[in-house]
1. Normalise the Cα radius of gyration of region 57-147 by 2.2 N^0.38 Å (N = residues in it) and let me know the number.
2. Just subtract the alpha-carbon distance of residue 327 and residue 261 from 0.36 nm times their residue separation and send over the number in nm, one decimal.
3. Once you place label points 7 Å from the Cα toward the Cβ at residue 164 and residue 317, how far apart are they in nm?
4. Write down the radius of gyration of region 195-281 and its Dmax, each obtained from C-alpha positions, in Å.
5. Run the numbers on the chain and let me know its relative contact order in percent, using alpha-carbon pairs under 8 Å that are six or more apart.
6. What number, in percent, do you get for the relative contact order of region 155-260 if the mean sequence gap of Cα pairs under 8 Å and at least 6 apart is divided by its residue count?
7. In bins 5 Å wide, starting from 0, what share of all Cα pairs of region 162-335 does each bin hold, as a percent?
8. Just grab the label-to-label distance for residue 279 and residue 104, each label 7 Å out from Cα along the Cβ direction, in nm (one decimal).
């Protein structure tokens, strides 16, 4: 999520409402003139910003605790075997010597950023590669301890805000009755959005019956001024009027790095859309298709505090992904498991009720 922008404070149409868990609502955050204010009392985009900071803090704490776990484990072994912690660490995380080929490859791959000949930096590269090798072994050891239940973090996840959104104008894929609603805010010219598109396409193929995906064309790269991203977003809506949103969507992404001022019309012509209808649609602004779709997408994003693309919400909850496809799949599988468990509990209760009749 590399495209950040300052969001102007504006009076927006009411597209969003937010609810929070009882746990979150019970925590006062600040006093103003003696009155307590909680998260649900503040602006929705600030609620989301606050939640993001809490998630980042949780991740940072996790990293520290993982290091603390390793250090504690090494210390236990050191006392038991009467060794130093460094000796134990070296035995469990041995150094893999970097060979000449590895060093040469690293130098060749990073030559543009290295202003010295190989001989002068060879020892530094060697140390760097060997350090990274040990770090990977440490990560693998931590994962092993997690998987076998030896290491369990007792930190609690931040309570997520649940946003209720008006998604009426935005196109979707998947079953309307799907229990999981995935909302993606993206800009066709954002490089990471192209990566996200491929990930989401794979997810919707895999979970077509369980997930409904809503796509919100958010022209964040234009920084609030109508530009190429805004034009393509508008074009996608006009294509939707002719039942061709997804072909327009796919074509726009396929030429993401080459999109220009006339791309919307060119894509429409390539898809065989009615040229006159498309032109009339593109010519309308606030009172027409632009206001119904593009401006509504911008307003929704601003109310939610979405400042970068791609941004995701699952069942109204903001998400933070490192590896989009992997993390998205894990979250969906977790939710499906929860849904299955809830259904099983309901079935058990129904059986008990029948027996009691």
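Each reported figure results from applying straightforward, stated rules to the coordinates on display, with no laboratory input. Bear in mind that the values here come from a model prediction, so they are computed numbers and not experimental data. For neighbour counting, all protein chains shown are included, and Cβ atoms are generated from backbone atoms with ideal geometry for every residue, glycine included.
1. Working: Rg = 16.7 Å, N = 91, 2.2 N^0.38 = 12.2 Å.
Normalised Cα radius of gyration, region 57-147: 1.37.
2. Working: separation 66, 0.36 × 66 = 23.76 nm, distance 3.51 nm.
The residue 327-residue 261 span can extend by a further 20.2 nm.
3. 1.9 nm
4. Expressed in Å, the Cα Rg and Dmax of region 195-281 come to 13.6, 39.
5. Details: 409 pairs, mean separation 83.5, N = 357.
Computed value for the chain: 23 percent relative contact order.
6. Values: 118 pairs, mean separation 32.1, N = 106.
Relative contact order here is 30 percent.
7. For region 162-335, the pair-distance distribution reads 1, 8, 19, 22, 21, 15, 9, 4, 1, 0.
8. 6.2 nm
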